[in-house]
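The values are calculated or read from the model by the stated rules, or taken from the named source; none is laboratory data. Please read these numbers as outputs of a predicted model, since none were measured by experiment. Using ideal geometry, Cβ is built from the backbone for each residue, glycine included, and neighbour counts are taken over all protein chains shown. Surface accessibility is based on the protein's heavy atoms, side chains included, excluding ligands, DNA and RNA. Shrake-Rupley method; radii C 1.70, N 1.55, O 1.52, S 1.80 Å.
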Amino acid sequence: MTHWIILPIVLPAFLAPFIVLAARYHIGIQRVFSVAGVLALIGLAASLVWQVSDGSVIYYRLSNWAAPFGIVLVGDRLSTLMVLLTAVLALFVLLYAIGSDWDKRGRNFHALFQFQLMGILGAFLTGDIFNLFVFFEILLIASYGLMIHAGGNERLRAGVQYVLFNLIGSTLFLFALGALYAETGTLNMADLAVRVQGVGPEETAGIRIAAVLLLLVFAIKAAVVPLHFWLPSSYAEAPAPVAALFAIMTKVGAYAIIRVYTMIFPPELEATAGLFGVWLLPAALVSLAIGMIGVLAARKLDRLIAFSIIGSMGMVMIAISLFTPEGIAAALYYIVHSTLAGAALFLIADLVRTGRGNLDLTAQPPMAGTYMTAGLFFVGAIAMAGLPPLSGFLGKLLVLDASYDSALMVWVWAIVLGASLISVVGFARAGSVVFWKALGTPETAPVEGTQRPSTLSYAAVGGLFALLIAHTVFAGKVHGYTTEIAAELFAHDTYLSTVLDTPGKLSDAKEGDH
Amino acid sequence: MELLVASAIGVLTTAGVYLTLRLRTFPVILGMSLLTYAVNVFLFASGRLTIGAPPILSDGATTYTDPLPQALVLTAIVISFGMTAVVVMISLGAYLGSDDDHVDDPIEAAGSEVRK
């Protein structure tokens, strides 16, 4: 048992209070420590990925208590991949926040950012479902602070909606955990996997309620229709770097669904069979359709991108709800793609806002730095709409291929291809109105407060695109890796035996005690 | 006792759900608080209800109550307490800023967006 795996949680947990306590009034020091922390996280995440790349599972028992009794952190290929994705995304988002001075517009941006990372990484690494709830709350409470960073009435109003919606989600999560504990008497995910199998066919009421409630909670996080209403206004009103970081938050929901429903309630479990084919797949299809129609209908660029996030989550959920190894492999490939593309698009929207002061989709005179921004938007739109040559196209192809044997195959193909067309039209409309028509609009005096975005801002967006291109070029390798992850998820014996069978401390009883 | 606890959870949840569906922030926050009370009692009951039994090893005790839900409830109480404080502060800020405590988006704002 090594201590490496807890470091991605401990490092931001110590860095955040340090930034608040010691560097409160020195934005320069905050920036240095924040970036250094994220760089260290990338190193840690890469070493974790390397450690588990041979298919082994690393684990960490807190205080060394044996598995079902103590809390465990578990790193397998899925969770370490998500940790690495989060850390890399965080670096570019942070660079953008520094380059665009977003972190100066309110207090404690960097501390909240670190707490947010702690929550997200903890949610990926924990092996205990109550602990998952706790990390959800940590990432949420940090996100509440980040969401209303820099203030403003519109932002506060959107923040209230966001907080209330997530509070309801947390309450449902607790109800689900209570039901699960009452039925099985354990909250360790590996132990739950074993015990849920042993529940008799006539006693499944509690298990089924817990399974459906958990799916609802994770679907709220993943913004699956009809639980997506919180997303458009909160992502659109959130500060751009925060919205870009939130691109990983919807994926936390997707990760939780993959983890819980391959391990605790696997598709072959009779009590919860049909949950995916009957409910999740149609909901995912509707999400994709609504998201892309929203792209076409949006009147502002930030709403448009928020709806494209809903659409891309719909695509992820379609692939997940097929619940075959091919489907999960495609979903994981697409998750990496849509996180990077969504984050980049939110940052590009902020480049537009910096250049011309608003995000309305109307023809306005050319903004500062219009050619560079237009070029980046073009690449981002191609990635998000899923056109060749970028990875969105490959991801979509993989999803379509995985759905080939599904009963709803016709629906999947029709909606995925139709939604792609609608999103291409939507993005083309937005791009031509914002960038192209600008050239024919007479010049006026520039709006107060607009300026050319800084080079570091462009570099951060460019970095995300470089990752997307690498994700496309090495698609074969990445997809091979996600296929191995999917196979491991469906045959999770290594995970179970690593967590449950390695001896740990059971009791410290000495002679003379009870 | 089971009946009493179960109906208490049911009443709290019903009132909580009703209040969270209201349009203004204050009833919604009250509803959220009722829901968290309900879930706390529910979690507490998930370890089965036992009267007068100690949760940790004690001399002369023959039956024990499950200590884990008590720890879980403690965590849940602390978290929900903090979250309620946060949501009260944010909604107070939103109310003072825009002089309106509705949870949904105002219709005027949507109209002005059309006019732009």
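In Å², what does the accessible area per residue of region A:306-437 work out to with a 1.4 Å probe? Display every interim value, and only then the final one.
Numbers: 4160 Å² over 132 residues.
Result: 32 Å² of accessible area for each residue.
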Farthest toward the dipole's positive end in the protein assembly as shown, which of A:GLY106, A:HIS3, A:LEU227, given Cβ charges of +1 (Lys, Arg) and -1 (Asp, Glu) about the Cα centre? A:GLY106
Between region A:293-365 and region B:27-96, the Cα center-to-center distance that results, in Å: 38 Å
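Over every pair of different alpha-carbon atoms in region A:420-514, take the mean of 1/r and invert it; report that Kirkwood radius in Å. Walk me through the numbers before you get to the answer.
On the way: mean 1/r = 0.0484 Å⁻¹.
Evaluated over region A:420-514, this radius sits at 20.7 Å.
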Rounded to a whole number, the Stokes-Einstein D of region A:52-107 in µm²/s (Kirkwood radius over Cα pairs; 20 °C; 1.002 mPa s) is 152 µm²/s
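Would you mind telling me the antiparallel percentage of the DSSP bridges in chain A, rounded to 5? Could you put the intermediate results ahead of the total?
Numbers: 7 of 8 bridges.
Just about 90 percent of them are antiparallel.
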10 Å Cβ neighbours from other chains, averaged over peptide B:82-94: 5
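Rounded if a/c is under 1.5, else prolate if a/b is larger than b/c, else oblate: which is region A:99-192, with a ≥ b ≥ c the root eigenvalues of its Cα gyration tensor?
Oblate, since a/c reaches 1.5 and b/c is not below a/b.
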Peptide B:45-52 - average C-beta neighbours from other chains (10 Å radius): 2
Could you let me know the centre-to-centre spacing of region A:190-243 and region A:84-109, using Cα atoms, in angstrom? 28 Å
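Please compute the net charge surrounding A:ALA176, taking Lys and Arg as +1 and Asp and Glu as -1 over other residues with Cβ under 12 Å from its Cβ. Write down the numbers at each step before the final one.
Working: positive: A:ARG208; negative: A:GLU183.
For residues surrounding A:ALA176, the net value is 0.
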If you wrap a convex hull around the Cα atoms of region A:1-116, how much volume per residue is inside, in Å³? 104 Å³
Starting from a Cα-only point model with no solvent, please compute log10 I(q)/I(0) by Debye for chain B at q = 0.10, 0.19 1/Å. -0.47, -1.02
Farthest toward positive dipole pole in the protein assembly as shown [+1 Lys/Arg, -1 Asp/Glu at C-beta], among A:THR324, A:GLY380, B:ILE56: A:GLY380
Classify region B:58-100: rounded, prolate or oblate, from the alpha-carbon gyration tensor (a ≥ b ≥ c, eigenvalue square roots; a/c under 1.5 rounded; otherwise prolate if a/b is larger than b/c)? prolate
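What total accessible area, in Å², is buried where chains B and A meet, using a 1.4 Å probe and rounding to the nearest 100?
Working: alone 8670 and 19850 Å², together 25310 Å².
Summed over both sides, the interface buries about 3200 Å².
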Dipole of chain B, positive direction: furthest Cα of B:PRO27, B:VAL17, B:ALA71, with charges on the beta-carbon: B:ALA71
If the convex hull of the alpha-carbon atoms of chain A is projected onto planes in all directions, what is the mean projected area in square nanometres? 24.4 nm²
Under a Gaussian network model of chain B whose springs join Cα atoms within less than 10 Å, the largest fluctuation of B:ILE90, B:ILE77, B:ILE29 belongs to B:ILE90
Projected area, mean over directions - region A:356-501, Cα convex hull, nm²: 13.1 nm²
For B:HIS102 paired with A:TRP411, estimate the spin-label separation in nm (one decimal), with each label point 7 Å from Cα along the Cα-to-Cβ line. 3.5 nm
Expressed in angstrom, Rg and Dmax over the Cα atoms of region A:236-293 are 14.9, 45
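Just flag the chymotrypsin sites (Phe, Trp or Tyr not before Pro) in region A:428-514 sitting in loop per DSSP whose Cβ has no more than 16 other Cβ atoms within 10 Å. Walk me through the numbers before you get to the answer.
On the way: sites: A:PHE435, A:TRP436, A:TYR458, A:PHE465, A:PHE474, A:TYR481, A:PHE490, A:TYR495; in loops: A:PHE474.
For chymotrypsin sites (Phe, Trp or Tyr not before Pro) across region A:428-514 that sit outside H, G, I, E and B with at most 16 neighbouring Cβ atoms in 10 Å, the list reads A:PHE474.
Calculate how large, on average over all directions, the projected area of the Cα convex hull of region A:229-378 is; give the answer in nm² to one decimal. Don't jump to the answer; show the numbers that get you there.
Details: hull surface 36.7 nm².
Spelled out: convex hull of the Cα atoms, projected over all directions, averaged, 9.2 nm².
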Could you list the chymotrypsin sites (Phe, Trp or Tyr not before Pro) in region A:352-411 that lie in coil according to DSSP, counting only those with at most 10 other Cβ atoms within 10 Å of their Cβ? none
Express the carbon and sulfur contribution to the solvent-accessible surface of chain A as a percent, rounded to the nearest whole number, probe 1.4 angstrom. 67 percent
Correct response: the longest run of chain A lacking exposed GluC sites (Glu not before Pro), defined by DSSP loop and at most 10 other Cβ within 10 Å, is A:1-267
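For region A:182-237, just say rounded, prolate or oblate: build the C-alpha gyration tensor, square-root its eigenvalues into a ≥ b ≥ c, call rounded for a/c under 1.5, and beyond that prolate if a/b exceeds b/c, oblate if not. Please list the in-between numbers first.
Values: a/c = 4.49, a/b = 2.62, b/c = 1.71.
Note, shape of region A:182-237 comes out prolate.
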Rounding to the nearest 10 and keeping the result within 0 to 90°, find how far the Cα-based axis of helix A:205-222 lies from the longest principal axis of chain A. 20 degrees
Phi to ³J(HN,Hα) by Karplus 6.51 cos²θ - 1.76 cosθ + 1.60 over region A:38-52, Hz, x for Gly, Pro: 5, 4, 4, 4, 4, x, 4, 4, 5, 5, 5, 4, 5, 5, 9
In whole Å, how far is the Cα centre of region A:402-450 from that of region B:3-22? 45 Å
